[in-house]
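A short worksheet on the structure shown next.
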Amino acid sequence: MSVMRFSIPRDIIYGDNALEHLSQLKGRKAVLVTGGSSMQRFGFLDRAEALLHQAGMSTMLIDGVEPNPSVETVLRGAKAMQEFEPDWIVAIGGGSALDAAKVMWCFYEHPHLQFADIITPGSMPPLRNKARFIAIPSTSGTASEITAFSVITDTANHIKYPIVAADMVPDIAILDPAIPAKMPPHITANTGMDVLAHALEAVASTAATSFTDPYAIEAIRLVLGNLQSAYHEPENAEARFNMHNASALAGMAFTNASLGLVHSLAHKIGGEFGVTHGLANAILLPYIIRFNRQFSDKYSQVEKLLGINDLPSAIEALNKELNIPCCFAQCDEVEFSESKFLEVLERMSQNAHADPCTWTNPGKPSVADVKALYEASFYGKACC
């Protein structure tokens, strides 16, 4: 058996008022990286900055990270870091802010690199020569606070690239359930289904092990038991706490076991159409589980352990409860015209097949398989 590795953050600080841990850091300068205005609007950004000042550090803010962060945003942030020279990078916000901050960190430490130099998994040089990294998620979904993954968009070519490097696992993850409690219902739904996709893909991955499966299965149990409550009852503190923990647990599983076709296809359809990542995962998940069953019995094991009759049907029912459409043709978040879908289908299928997440999907799916899955999930051939 070959030597394997299991990596998680050195410290995971979780529970009520976990954000206060920032006041205990030792350092000179910290840069805060965030996305839109929600962290500012709800007071979390100001609180984080005040806690860093309490720790004796000067701070700088890099904000405006967009959904599906671009190469340009990452390079712009890295340049600002090079001028400020922080020894802590504190990313606070949704998965996009955390993902962007991770790659900014890389280019801050290695300004000579080009984006193309880090696309191949494992090609990023070592980090922590200049700074350490803290991730504070505002959503319960992406698990970027736990993982070695970041997803960055090449806007010129409409391609989302999963960047994978063991050194991008944050030094500290802070999971404060008060922060995601402010999520609106549709974001709760999309990010929650992202957690479920992470956990189920980690279970079925060809790289899954006895180290990763327990985290993934517990995450699945928590999502199925708490997501509807978090969606319908935004102030349900127990459901929020459990979903935030589920996201981290799923992250521990997939950062070590990797993912599969759900994410490969979601990355590429997201790059072409701009659909939210978690929403794309939710739509794709039942189709791909049905396809993967011919290659893996892991879904049956999950069903047996958790008392589920048919996993794809259970996911379809959950999607319906969360007002998530059963196919992309019915998705109104962005425009999904049939003419554009057919125009980009071949390119999108080729790119998804080449996505690193495909490498650990059960079986050996072909480009034709990927194309058929896109067609099924666009038109709703299996569930509508």
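The values are calculated or read from the model by the stated rules, or taken from the named source; none is laboratory data. Note that the structure is predicted; figures quoted are calculated from it, not measured. Neighbour counts are summed over all protein chains in view; Cβ atoms, including those assigned to glycine, are modelled from backbone coordinates with ideal geometry.
Matching residues to (1) within 18 Å of residue 31 (Cβ to Cβ); (2) of a type in the set (Ser, Thr, Tyr):
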{"position": "128", "(1), (2)": "yes, no"}
{"position": "132", "(1), (2)": "yes, no"}
{"position": "138", "(1), (2)": "yes, yes"}
{"position": "146", "(1), (2)": "no, no"}
{"position": "150", "(1), (2)": "yes, yes"}
{"position": "158", "(1), (2)": "no, no"}
{"position": "165", "(1), (2)": "no, no"}
{"position": "177", "(1), (2)": "no, no"}
{"position": "181", "(1), (2)": "no, no"}
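Which ones in segment 115-141 are small (Gly, Ala, Ser) and in contact with an Asp or Glu (Cβ under 6 Å, 6 or more places away or on another chain)? Talk me through it step by step, then tell me what you get.
From segment 115-141, those small (Gly, Ala, Ser) are 116, 122-123, 131, 135, 138, 140-141; that's our starting set.
Of everything in segment 115-141, those that are small (Gly, Ala, Ser) and in contact with an Asp or Glu (Cβ under 6 Å, 6 or more places away or on another chain) turn out to be 131, 135, 141.
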First in segment 291-307 and more than 22 Å from residue 358 (Cβ to Cβ), second anywhere and modelled with pLDDT of 95 or more and surrounded by fewer than 14 Cβ atoms within 10 Å (Cβ to Cβ), Cβ under 8 Å, 6 or more apart: 303/309
Subset of segment 308-323 (residues that are without any contact (Cβ under 8 Å) to a residue 40 or more places away in the chain and of a type in the set (Gly, Ala, Ser)): 313, 317
Filter result (of a type in the set (Ser, Thr, Tyr), crowded, with 17+ Cβ neighbours inside 10 Å and over 21 Å from residue 279 (Cα atoms)) within segment 325-384: 360
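Of all residues being of a type in the set (S, T, N, Q) and surrounded by fewer than 18 Cβ atoms within 10 Å (Cβ to Cβ) in segment 35-47, which is modelled with the lowest pLDDT? Just the residue, please. Please lay out each step first, then the result.
As a first pass, look at segment 35-47 and keep what is of a type in the set (S, T, N, Q): 37-38, 40.
Restricting the remaining residues to those that are surrounded by fewer than 18 Cβ atoms within 10 Å (Cβ to Cβ) gives 37, 40.
Values: 37: 77, 40: 88.
Top of the filtered list is 37.
For every residue, the table says whether it meets (1) buried (at least 19 other Cβ atoms within 10 Å of the Cβ); (2) in contact (Cβ under 8 Å) with a residue 12 or more places away in the chain; (3) among the aliphatic types (A, V, I, L, M).
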position	(1), (2), (3)
24	no, yes, no
33	yes, yes, yes
49	yes, yes, no
55	no, yes, yes
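Counting just the residues of segment 159-190 that are in a loop (DSSP other than H, G, I, E, B) and touching a Lys or Arg at 6+ places or on another chain (Cβ under 7 Å), which one comes out farthest from residue 255 (Cα to Cα)?
Filtering first and then ranking leaves 177.
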Segment 64-102 - residue that is surrounded by fewer than 22 Cβ atoms within 10 Å (Cβ to Cβ) and of a type in the set (D, E, K, R) and, of those, nearest to residue 139 (Cα to Cα): 66
Residue 221 vs. criteria closer than 13 Å to residue 195 by Cβ and surrounded by fewer than 22 Cβ atoms within 10 Å (Cβ to Cβ): yes
In segment 311-347, the residues that are in contact with an Asp or Glu (Cβ under 7 Å, 6 or more places away or on another chain) and more than 18 Å from residue 268 (Cβ to Cβ): 311, 326
In segment 233-255, the residues that are touching a residue at least 24 places away in the same chain (Cβ under 8 Å) and more than 16 Å from the chain's Cα centre (by Cα): 234, 235, 237, 240, 241
Close pairs from segment 203-221: first closer than 12 Å to residue 296 by Cβ, partner aliphatic (A, V, I, L, M) and not in a helix (DSSP H, G or I), Cβ under 9 Å, at least 6 apart: 205/259
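Which of the following residues is part of a loop (DSSP other than H, G, I, E, B) and not assigned by TED's automatic domain parsing to the domain that holds residue 98: 207, 202, 156? Walk me through how you get there before you give the answer.
On the way: 202 fails: part of a loop (DSSP other than H, G, I, E, B); 156 fails: not assigned by TED's automatic domain parsing to the domain that holds residue 98.
Exactly one of 207, 202, 156 is part of a loop (DSSP other than H, G, I, E, B) and not assigned by TED's automatic domain parsing to the domain that holds residue 98, namely 207.
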Residue 316 being in contact with a helix residue (DSSP H, G or I) (Cβ under 8 Å, 6 or more places away or on another chain), surrounded by fewer than 14 Cβ atoms within 10 Å (Cβ to Cβ), assigned by TED's automatic domain parsing to the domain that holds residue 233 and not in a loop (DSSP other than H, G, I, E, B): no
